[in-house]
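See below for the structure under consideration.
The values are calculated or read from the model by the stated rules, or taken from the named source; none is laboratory data. A quick note: this is a predicted structure, and the numbers were derived from the prediction, not measured. Reconstructed Cβ throughout: ideal geometry from the backbone, glycine too, with neighbour counts over all protein chains shown.
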Amino acid sequence: MGLFILRRVGVMILTALCLTFVVFFMTNLYPNLEKLAKTQGNFRMSDEAVESWLDKRGYMQSTPKKYAEWLGVMPSYRFEAEDGTVTGRCIDPGMDPAEAPNFCGILQGYWGYSTVFKEPVSEIISTRLGLTGVLMFWVMLLMVPSALILGVLAGMREGSATDRTLSTFAITTTATPEYVSGVILIAVFASSAVGLKWFKGTAASAMENPTFENFFLPVLTIALYGMGYIARMTRASMAEVMTAQYIRTARLKGVSFPNIVVKHALRNALIAPFTVIMLQFPWLLNGVVIVETLFNYKGFGWTLVQAAGNNDIELLLAVSVVSVIVVLVTQLISDIGYVYLNPRISVS
Amino acid sequence: MEPLTWTGSLGDILDPILYVLVAVFVSLVVLRIAVSILLPAPTMQTNPDGTLSATSGGPAVWAPRATNWAGLGVLALLLTYLIGGAIVGAPGAGIIGGMSQQLVPVWIALVLLFAASIKFKRRLGLYGKLFDSTIGMIGFGLVMFWVFVGLFAAFDMLLTHPPLEQVSGMKNEDPGTPLRGAEEGQYQWYLLGGDALARDVFSRMLKGSTIVIAIAPLATLFAFMVGITLGLPAGYYGGKLDTFLSFLANLILAFPVILLFYLLVTPEIVATGLPQYMAVVLFVFPLIFCAVLINSRYAGQPGKNWTYLAIVLVPLFLLYMSVINANDSKIDFWPLDFFDIAPGILVVFVSVVFVNSPTVFRIVRGLAMDIKTRDYVAAAQTRGEGPWYIMLWEILPNARGPLIVDFCLRIGYTTILLGTLGFFGLGLPPESPDWGSTINEGRKLLSIYLHPALPPAFALLSLVLGLNLLADGLREESLKD
């Protein structure tokens, strides 16, 4: 087991390195750098001015070298101006260049400086991630229990009216992407045209003070899309368990139906949904980006859109590192959890 | 001129009936669910003549029947709206009638298709069997509705106004507003209202289906070609090749889709020609697939082999060269460029194929690993067949069931991805009538005006729902035998 986890972690690190290098390469293509120089400096810069701007900040080095500097395995770039002042990535304004560290990359805990928000990347990521964490917590709290209940109710009597109604509902929610269900929910519950106005159509105020009124719609929008899929998996798993021999034995023994469902079937039926729920995280990340844009909730997904739209290289890299880690760690947990829950499977 | 109401004078008679019927139907459904949870299933008894009947009456028996009848009643009434509307037309039958009349060619095509398919369903294999399942038929109907709409709209049929035409004074007007200063020969109303730039929402929604119908199935097909060409050897050979390809697939899958779109589709990246280079790699897979498919089958008969290869590969190669070539871009050499694709479309197409292929790869790899242990594969190996023959002519045909089902689901997912691209304003030009872009435009004023955002939202929802139901029906029918 230890070796298995170790190998998976190794693959994880390799994947993260490859992915960040791809992001690094794409964001450092010359047209992107030119755009960065023009938005940061001056829109009317000449080509030479752009080049000297980029050169001064070390963007004109080769991509692998810049990547190694970002990682913190190579000493970072320093630019010596004609008057002798030295500037560089590691040197904060007002700092003596001689005292500044030679290496400053993510291995040293330095995530860089966001060109859009004018703040250190680590601060942005931690606050934004916290906001999204709150959102995800409520999404999970709403999505997982309701999906499991739906799936178990539908799967315990396959083909019944309950099953058909709930399955239709589940298919409909999986067919509704967040930007459709969000728009419909806002239209029905938040617009002045329909006039219900039960909830708020924006979650901007939920960042300081989440209430049911301003936070329910974004939570529901993300939860709905994931819920259908989990419910269908739970239903399939439940239906399979209900046809097993030991359930029949229990019925013949005279155990009441509710008892069979709760005490005998449920535990075995929940193994498959567990993996599905864990693997749902990467999908939720997607939903978070859409919903945070739609409801103007300035969390992690919103930051991704801002960083990508403005080619904020270091912020974008940090965002991709975080999301890749989320995806890979959930995969690992789902594999390990599956082994623990299902004794028939062993790792080796 | 008076603005149109939703159902017009037809609705004066039909609306009250509809309200009553829907209320009855909903309460019966709730009752039926409650019954199926609370009461035990009705016990059956065998009659002397061999038939079965329920021993006890009560709600467990009559509730389902009543629900079915009420449901049929609602459906019949909705059909009356559509048929009546198609005959009476706009002022008499309101907005719904007007829309139904515009869509008459679609209704005719659907009726013909369904009549022909049901007539000959026993001779049509899996497709024919689809018409045995209600769910499958509903899904197929929804999908074909949008396919026909997309086809007809591509030739500017069905549309009431040109999708880019702006009419002064129609900005954000409500559904059914008469056109201000309408001239002779122009359609008199904006059936679903006007958007923020005073364009007709109804026509834009119909025109948007053309883009989806053109891109989504083709992009899914390309993703399948890539996934199959790489997934079969990975599953069949295993070992180093499998490890390497799986690692690549997982790499792409670990990327958040939206970040990938942002990295691929922004104008700066497009200017470097990266999407074009990706197109060069991705679009070569259909060629490889076809070549290997034919060559592995006819390798023993060189004459036939070369004829078939030439017939298939020459047009494909010309098409391939024309597609990857574009004037004024990184890849631009003259003699083999017969047409240019709009650059936005190509970029969107490439990124959607790129995102979809790893998942297809994983499915095909799993199926290949499962099927290669079967006896008929061992038999083929003993006969001395080549590995590619076994993969493409023994394993692939036997994996077709799950692949067809996944193909339907994946078209739906591709539609969602296209919408996502439009929603973030990536790729397609801003005035494009595709559903994602129109939803994105409409949402900005959503708290005051609902009508620009909701029609494309429901259109996308119904198409994806149709594809999911179709996949469900296909799965059910293919499991039966």
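Would it be correct to say that residue B:274 is over 20 Å from residue B:342 (Cα atoms) and either surrounded by 13 or more Cβ atoms within 10 Å (Cβ to Cβ) or modelled with pLDDT of 90 or more (or both)?
no
Scanning the stretch B:414-440 for residues that are buried (at least 24 other Cβ atoms within 10 Å of the Cβ) and of a type in the set (Phe, Trp, Tyr), which turns out nearest to the other protein chains (Cβ to nearest Cβ)?
B:423
Which number in (1) more than 13 Å from every other protein chain (Cβ to nearest Cβ); (2) surrounded by fewer than 21 Cβ atoms within 10 Å (Cβ to Cβ) marks the one condition that residue B:219 misses?
So residue B:219 meets the others, but not (2).
What residue, among those in the stretch B:441-481 that are of a type outside the set (A, V, I, L, M, F, W, C) and closer than 17 Å to residue B:192 by Cα, is surrounded by the most Cβ atoms within 10 Å (Cβ to Cβ)? First the steps, then the outcome.
The initial filter retains those residues of the stretch B:441-481 that are of a type outside the set (A, V, I, L, M, F, W, C), namely B:441-444, B:447, B:449, B:451-452, B:455-456, B:462, B:466, B:468, B:472-473, B:475-478, B:480-481.
Of the ones still in play, those that are also closer than 17 Å to residue B:192 by Cα are B:441-443, B:449, B:451-452, B:455-456.
On the way: B:441: 22, B:442: 23, B:443: 21, B:449: 23, B:451: 21, B:452: 26, B:455: 25, B:456: 29.
Once the filter is applied, the top-ranked residue is B:456.
Please specify each residue of the stretch A:151-163 satisfying the condition of being within 21 Å of residue B:28 (Cβ to Cβ) and more than 9 Å from chain B (Cβ to nearest Cβ).
A:154, A:159 - these are the residues of the stretch A:151-163 that are within 21 Å of residue B:28 (Cβ to Cβ) and more than 9 Å from chain B (Cβ to nearest Cβ).
Do the conditions hold for residue A:67, that is, is it part of a loop (DSSP other than H, G, I, E, B) and either in the same structural domain as residue A:104 (by TED's automatic domain parsing) or modelled with pLDDT under 85 (or both)?
No.
Would you say residue A:191 is without any contact (Cβ under 8 Å) to a residue 40 or more places away in the chain and buried (at least 17 other Cβ atoms within 10 Å of the Cβ)?
Answer is yes for this residue.
Mind checking whether some residue in the stretch A:140-158 is outside the structural domain of residue A:73 (by TED's automatic domain parsing) and not in a helix (DSSP H, G or I)?
At the first step, the residues of the stretch A:140-158 found to be outside the structural domain of residue A:73 (by TED's automatic domain parsing) are A:140-158.
Okay, now just the ones that are also not in a helix (DSSP H, G or I), so A:157-158.
Yes, because at least one residue in the stretch A:140-158 is outside the structural domain of residue A:73 (by TED's automatic domain parsing) and not in a helix (DSSP H, G or I).
For the stretch B:453-481, how many residues meet the condition of being part of a loop (DSSP other than H, G, I, E, B) and more than 9 Å from every other protein chain (Cβ to nearest Cβ)?
If we filter the stretch B:453-481 for residues that are part of a loop (DSSP other than H, G, I, E, B), which is where we start, we get B:453, B:481.
Filter once more, so that each one left must be more than 9 Å from every other protein chain (Cβ to nearest Cβ): B:481.
Residues that pass the stated criteria total 1.
So for the stretch B:261-276 (the condition being among the β-branched types (Val, Ile, Thr), under 26 Å from residue B:313 (Cα atoms) and either without any contact (Cβ under 8 Å) to a residue 60 or more places away in the chain or at the interface with chain A (Cβ under 9 Å from one of its Cβ atoms) (or both)), does at least one residue qualify?
Among the residues of the stretch B:261-276, not one is among the β-branched types (Val, Ile, Thr), under 26 Å from residue B:313 (Cα atoms) and either without any contact (Cβ under 8 Å) to a residue 60 or more places away in the chain or at the interface with chain A (Cβ under 9 Å from one of its Cβ atoms) (or both), which makes the answer no.
How many residues, within the stretch A:208-228, are surrounded by fewer than 20 Cβ atoms within 10 Å (Cβ to Cβ) and assigned to a helix (DSSP H, G or I)?
The qualifying residues number 2.
Which of the residues spanning the stretch B:12-41 are of a type in the set (D, E, K, R) and either over 24 Å from residue A:166 (Cα atoms) or more than 14 Å from every other protein chain (Cβ to nearest Cβ) (or both)? Write out each step before concluding.
Of all residues in the stretch B:12-41, those of a type in the set (D, E, K, R) come to B:12, B:15, B:32.
Answer for the stretch B:12-41, where residues must be of a type in the set (D, E, K, R) and either over 24 Å from residue A:166 (Cα atoms) or more than 14 Å from every other protein chain (Cβ to nearest Cβ) (or both): B:12, B:15.
Looking at (1) out of contact with any helix residue (DSSP H, G or I) (no Cβ under 8 Å at 6 or more places or on another chain); (2) of a type outside the set (Asp, Glu); (3) touching a residue at least 60 places away in the same chain (Cβ under 8 Å), which is the only condition residue B:150 fails?
Condition not satisfied by residue B:150: (1).
Hey, could you check the stretch A:187-202 for residues that are of a type outside the set (Phe, Trp, Tyr) and assigned to a helix (DSSP H, G or I) and say which is nearest to the other protein chains (Cβ to nearest Cβ)?
A:187
In the stretch A:257-315, which helices (runs of 4 or more DSSP H) lie fully inside it and hold 3 or more residues that are more than 10 Å from every other protein chain (Cβ to nearest Cβ) and surrounded by fewer than 24 Cβ atoms within 10 Å (Cβ to Cβ)?
Helices (runs of 4 or more DSSP H) meeting the threshold: A:266-269, A:271-295.
Taking the condition of being crowded, with 17+ Cβ neighbours inside 10 Å, more than 7 Å from chain B (Cβ to nearest Cβ) and without any contact (Cβ under 8 Å) to a residue 40 or more places away in the chain, how many residues in the stretch A:165-175 meet it?
Residues in the stretch A:165-175 being crowded, with 17+ Cβ neighbours inside 10 Å, more than 7 Å from chain B (Cβ to nearest Cβ) and without any contact (Cβ under 8 Å) to a residue 40 or more places away in the chain: 0 in total.
Just checking, does the stretch A:211-229 include any residue being of a type in the set (Ser, Thr, Tyr), under 19 Å from residue A:291 (Cα atoms), assigned by TED's automatic domain parsing to the domain that holds residue A:151 and in contact with a Pro (Cβ under 7 Å, 6 or more places away or on another chain)?
Yes, some residue in the stretch A:211-229 is of a type in the set (Ser, Thr, Tyr), under 19 Å from residue A:291 (Cα atoms), assigned by TED's automatic domain parsing to the domain that holds residue A:151 and in contact with a Pro (Cβ under 7 Å, 6 or more places away or on another chain).
Restricting attention to the stretch B:106-138, which residues are modelled with pLDDT of 90 or more and either over 20 Å from the mean Cα position of the chain (by Cα) or at positive phi (or both)?
B:108, B:112, B:115, B:116, B:118, B:119, B:120, listed by residue number.
Mind checking whether some residue in the stretch A:178-186 is assigned to a loop (DSSP other than H, G, I, E, B), within 9 Å of another protein chain (Cβ to nearest Cβ) and surrounded by 22 or more Cβ atoms within 10 Å (Cβ to Cβ)?
No: zero hits.
If I filter the stretch A:15-29 down to residues being facing another protein chain (nearest Cβ under 8 Å) and not hydrophobic (A, V, I, L, M, F, W, C), which single residue comes out as farthest from residue B:267 (Cα to Cα)?
Applying the filter and picking the extreme gives A:15.
Cβ contacts < 7 Å: first residue in a helix (DSSP H, G or I), restricted to the stretch A:109-133; second residue among the polar types (S, T, N, Q), any location; separation 6+ or different chain. Result?
A:121/A:114; A:124/A:114; A:124/A:303; A:128/A:303
Find the residue count for the stretch B:109-164, including only residues that are over 30 Å from residue B:183 (Cβ atoms) and in a helix (DSSP H, G or I).
In the first step, residues of the stretch B:109-164 are kept if they are over 30 Å from residue B:183 (Cβ atoms); the result is B:109-147.
Next cut, in a helix (DSSP H, G or I) only: B:109-119, B:121-123, B:125-132, B:134-147.
So the count comes out to 36.
Conditions (1) out of contact with any strand residue (DSSP E or B) (no Cβ under 7 Å at 6 or more places or on another chain); (2) more than 14 Å from every other protein chain (Cβ to nearest Cβ); (3) assigned to a loop (DSSP other than H, G, I, E, B), marked per residue:
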residue: A:31; (1), (2), (3): yes, no, no
residue: A:34; (1), (2), (3): yes, no, no
residue: A:42; (1), (2), (3): yes, yes, yes
residue: A:58; (1), (2), (3): no, yes, yes
residue: A:87; (1), (2), (3): no, yes, no
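I'm trying to understand the selection: among the residues of the stretch A:9-29, which are part of a helix (DSSP H, G or I) and crowded, with 17+ Cβ neighbours inside 10 Å?
Selection gives A:12, A:15, A:16, A:19, A:20, A:23, A:24, A:26, A:27.
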